[in-house]
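Enquirer: Before I ask anything, let me first share the structure, which is written out below as structure tokens.
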Amino acid sequence: GQRMRFRPSEPVEDAQLLALPEVRGVERHGAYLEVTGTSEVIGAVTAYLARRQIIAAELRVEQSSLDDAFIALTTHTTAAATTGTSTAIDTVTDTATTTATDGES
């Protein structure tokens with residue numbers, strides 16, 4: 001996914017941005033908005049702002065890396081393990097461990 005942070009020249013409502021299908025989240029940091037979403041979020045949000053003649057001042061763009069995805073996945077798996085919920089990854093790991101242990105006997 002991608003993340004963009006900017007200071008809009010005019011007020012923008014969170015709901016208007018969240019209505020865009022490419023947008024997954026909106027956070028406010030003082031006068032700045034941070035918008036996260038799909039790989040198309042930057043184009044969708046900048047087009048939306050342009051149609052309303054709103055300038056995205058101090059625009060910063062970040063793209064999630066493979067490392068970010070791995071950290072998010074392993075953090076989710078660790079959190080699931082501590083809360084007692086199971087994920088597909090936990091099940092696959094457990095099955096692989098059981099198979100390896102059974103084969104050593």
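Enquirer: Criterion first (crowded, with 17+ Cβ neighbours inside 10 Å, free of Cβ contacts under 8 Å to residues at least 24 places away in the same chain and either closer than 28 Å to ILE71 by Cβ or touching an Asp or Glu at 6+ places or on another chain (Cβ under 8 Å) (or both)) does VAL45 satisfy it?
Expert: Details: crowded, with 17+ Cβ neighbours inside 10 Å: yes; free of Cβ contacts under 8 Å to residues at least 24 places away in the same chain: no; either closer than 28 Å to ILE71 by Cβ or touching an Asp or Glu at 6+ places or on another chain (Cβ under 8 Å) (or both): yes.
Answer is no for this residue.
Enquirer: Condition (residue is in contact with a Lys or Arg (Cβ under 7 Å, 6 or more places away or on another chain), at pLDDT 65 or above and outside any helix (DSSP H, G or I)) applied to the stretch 49-57: is it met by at least one residue? Working first, answer last.
Expert: First pass over the stretch 49-57, keeping only residues in contact with a Lys or Arg (Cβ under 7 Å, 6 or more places away or on another chain): 57.
Restricting the remaining residues to those that are at pLDDT 65 or above gives 57.
Imposing the further condition that a residue be outside any helix (DSSP H, G or I) reduces the set to 57.
Yes: the stretch 49-57 contains one or more residues that are in contact with a Lys or Arg (Cβ under 7 Å, 6 or more places away or on another chain), at pLDDT 65 or above and outside any helix (DSSP H, G or I).
Enquirer: Collect the residues in the stretch 17-31 that are exposed (fewer than 15 other Cβ atoms within 10 Å of the Cβ) and closer than 14 Å to LEU49 by Cα, keeping them in residue-number order.
Expert: Of the stretch 17-31, the ones exposed (fewer than 15 other Cβ atoms within 10 Å of the Cβ) are 18-19, 21, 25, 27-31.
Correct list: LEU18, ALA19.
Enquirer: While we're on this one: Only one of these conditions is not met by GLU34: (1) surrounded by 11 or more Cβ atoms within 10 Å (Cβ to Cβ); (2) modelled with pLDDT under 55. Which number is it?
Expert: Evaluating GLU34 over (1) surrounded by 11 or more Cβ atoms within 10 Å (Cβ to Cβ); (2) modelled with pLDDT under 55 leaves (2) as the failure.
Enquirer: Give the residues of the stretch 1-16 that are in a helix (DSSP H, G or I) and either aliphatic (A, V, I, L, M) or open to solvent by 70 Å² or more (accessible area, probe 1.4 Å) (or both), sorted by residue number. Break it down into steps so the answer makes sense when it comes.
Expert: The initial filter retains those residues of the stretch 1-16 that are in a helix (DSSP H, G or I), namely 14-16.
Within the stretch 1-16, ALA15, GLN16 meet the criteria.
The values are calculated or read from the model by the stated rules, or taken from the named source; none is laboratory data. Model, not experiment: these values are computed from the prediction. Virtual Cβ from ideal backbone geometry, glycine too; neighbours counted across all protein chains shown. Quick note on the areas: whole protein, heavy atoms, side chains included, nothing else; ligands and nucleic acids left out. Shrake-Rupley method; radii C 1.70, N 1.55, O 1.52, S 1.80 Å.
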